[in-house]
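Working notes, structure below.
No lab work stands behind these numbers, since they all come straight from the coordinates. Everything quoted here is computed from the prediction, not taken from an experiment. Cβ placement follows ideal geometry from the backbone for every residue including glycine, while neighbour counts extend to all protein chains displayed.
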């Protein structure tokens, strides 16, 4: 009886120690706002940009730190400095993919009624569109849908060549798959849903019609670097670079994007974003603070 009692007691003590160890580990890898600011400082990211989404981002980074065995942000940053692969993983974990089809309906109406007619008046054989920071592809497919539907309105619609880039390969994979929840397509008109989406009842998702997936070049790209393609007639730079980076980083990166825009081309940023500096090259279009035309 005494041996049994000792064994049970020892077992309880062991479980108690294990519980304390795991509790300590969990506490050590819980990132607070001060630590998160330290990581933002390392990348020159903006606190204001991340403030509303920081909870989810902190959880992802905490899991990454735990996987690497890091016990502090200093140790984590030291690894990021020495290991480019780990740094890229961290940069991907810092990305945010909040979007939906035809987000900001007024913008899409302006594109349909004003921007597209301006482009068509130049009698181009091909139009180039770049979605810089495309996340999971909602804006890309929205543009493709709009372009196809306008073929019934205009006598001639040139082919549209679409480039969709993002720093996060996971987002690009999802974009290529083209599978979306009902919340993502809530602003898609019913007639367009019937044409361009296929409901998969077993998974409760809507899949993009494969006919819409042609003519899209998906590519991993960091907007801080030069992009090899240029002469774009429309560039989307919405809710990414200008939101999540500080001025000292986004100014030169923004100029790189503008350099890829064709003369007379259109640059579209987020409805709540501002240009990082005044530019004579970027003239507001149609009295909208988020649409610019390259002079």
query: For Kirkwood radius over Cα pairs in Å, the choices are [x] 19.4; [y] 18.7; [z] 21.7; which was calculated from the structure?
result: [z]
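When only Cα pairs under 8 Å and 6 or more residues apart are kept, what is the percent relative contact order across the chain? Intermediate results must be reported in sequence, preceding the final value.
Numbers: 389 pairs, mean separation 45.5, N = 295.
Relative contact order, the chain: 15 percent.
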query: What is the antiparallel percent of DSSP beta bridges lying wholly in the chain, to the nearest 5?
result: 40
- request: Specify the angular offset, from 0 to 90 degrees and rounded to the nearest 10, of the alpha carbon long axis of helix 2-28 from the longest principal axis of the alpha carbons in the chain.
  value: 30
- request: Give the order of 144, 59, 52 when sorted by the count of other beta carbons within 10 angstrom, beginning with the fewest.
  value: 52, 59, 144
- prompt: What FRET efficiency, computed as 1/(1 + (r/R0)^6) with R0 = 41 Å and r the Cβ-Cβ distance, is obtained for residue 209 and residue 79, rounded to the nearest 0.05?
  reply: 0.40
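Using only helices, what value at 222 nm comes out for the chain when you add -39,500 (n - 2.57) per DSSP H run of length 4 or more and divide by the total residues, to the nearest 500 deg cm²/dmol?
Values: 13 runs with 133 residues, N = 295.
Calculated from helices alone, the mean residue ellipticity at 222 nm is -13500 deg cm²/dmol.
Could you work out how much longer the chain between residue 87 and residue 72 gets when fully extended? Use 0.36 nm per residue separation minus the Cα distance between them, nm to one decimal. Don't skip to the end; give the middle numbers.
On the way: separation 15, 0.36 × 15 = 5.40 nm, distance 1.57 nm.
Separation in residues times 0.36 nm, less the Cα-Cα distance, equals 3.8 nm.
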- request: Consider just the alpha-carbon atoms of the stretch 147-242 and return their Rg together with their Dmax, both in angstrom.
  value: 15.5, 43
message: Using only Cα atoms and rounding to the nearest 10 degrees, what angle (0 to 90) does helix 33-43 make with the longest principal axis of the chain?
response: 50
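Neighbour counts of other C-beta atoms within 10 Å: give me 53, 258, 162 arranged from fewest to most.
Numbers: 53 14, 258 17, 162 22.
Exposure proxy ranking, most exposed first: 53, 258, 162.
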message: If I model a spin label as a point 7 Å beyond the Cα along the Cα-Cβ vector, how far apart are those points for residue 122 and residue 202 in nm?
response: 4.7
message: If the elastic network links every pair of Cα atoms under 10 Å, which of 113, 41, 202 fluctuates the most in the Gaussian network model of the chain?
response: 202
- request: Arrange 214, 243, 95 by Cβ neighbour counts within 10 Å, fewest through most, would you?
  value: 214, 95, 243
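Nearest 5 is fine: what % of DSSP beta bridges in the stretch 134-270 come out antiparallel, could you say?
Working: 6 of 16 bridges.
If I count the DSSP bridges inside the stretch 134-270, around 40 percent turn out antiparallel.
So how many Å³ per residue does the convex hull of the Cα atoms of the stretch 70-138 work out to? Could the numbers behind the result be given before it?
Details: hull volume 10.1 nm³, N = 69.
Per-residue hull volume (Cα only) is 147 Å³.
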- prompt: For residue 109 and residue 272, what does the FRET efficiency come to when R0 = 25 Å and r is the distance between their Cβ atoms, rounded to the nearest 0.05?
  reply: 0.85
